[in-house]
Amino acid sequence: MEYKVVHTDDVPMTDLSAVDEIPPDLQIRAIDEVLETDDVQIKLWYFEPGEEIQYHAHSEQEELFYVVEGEFSLKLGRSGEEEFVDAGPGTFWIAKPEIGHGHRYVGDDQGVVLALGAPAVEDPGLDPHEIEAE
């Protein structure tokens, strides 16, 4: 297939609390699965107040994030050099391989973040405190 078009509402919502192997217990729409992407992972993450993706890093994957709705507090940077940054709708941020990143939803309603990761490989989260700086 050379192309495919899908509306967000047509992508099934997955409740990650039902999947023991995948923290955190958030809801996502796996856009990449519906579009059958080969080289990039594309997810819409849905957050309720106080929910977060904990500070972590990946060995190979670069991730780009975009705030669609809501207000977030980001934790970004190498271990010992972390910074906290506020991010609202329209904000992008990137996490290169081996760079720590995490975000907490600090809004009052529902927050939504678009996450793109490449390469599209299984790249489980690493503890940024165990990665040696180059």
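The values are calculated or read from the model by the stated rules, or taken from the named source; none is laboratory data. Bear in mind that the values here come from a model prediction, so they are computed numbers and not experimental data. Ideal geometry is used to build each Cβ from the backbone, glycine not excepted, and the neighbour counts take in all protein chains shown.
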- [ ] Take the residues in segment 51-73 that are at pLDDT 95 or above and not in a strand (DSSP E or B), then tell me which one is nearest to His101 (Cα to Cα).
- [x] Glu71
TODO: State all residues of segment 63-79 that are touching a residue at least 40 places away in the same chain (Cβ under 8 Å) and either aliphatic (A, V, I, L, M) or in contact with a His (Cβ under 9 Å, 6 or more places away or on another chain) (or both); if no residue qualifies, say none.
DONE: Glu63, Leu64, Phe65, Val67, Val68, Phe72, Ser79
Task: Qualifying position, being assigned to a strand (DSSP E or B) and either within 23 Å of Ile131 (Cβ to Cβ) or aliphatic (A, V, I, L, M) (or both), among Ala120, Ala115 - done: Ala115
TODO: Select from segment 79-123 the residues that are exposed (fewer than 11 other Cβ atoms within 10 Å of the Cβ) and either in contact with a helix residue (DSSP H, G or I) (Cβ under 6 Å, 6 or more places away or on another chain) or under 13 Å from Glu60 (Cβ atoms) (or both) and list them in ascending order.
DONE: Glu122
Open item on the list: Can you tell me which of (1) at pLDDT below 95; (2) buried (at least 17 other Cβ atoms within 10 Å of the Cβ) is the one Leu76 doesn't meet?
Closed with: (1)
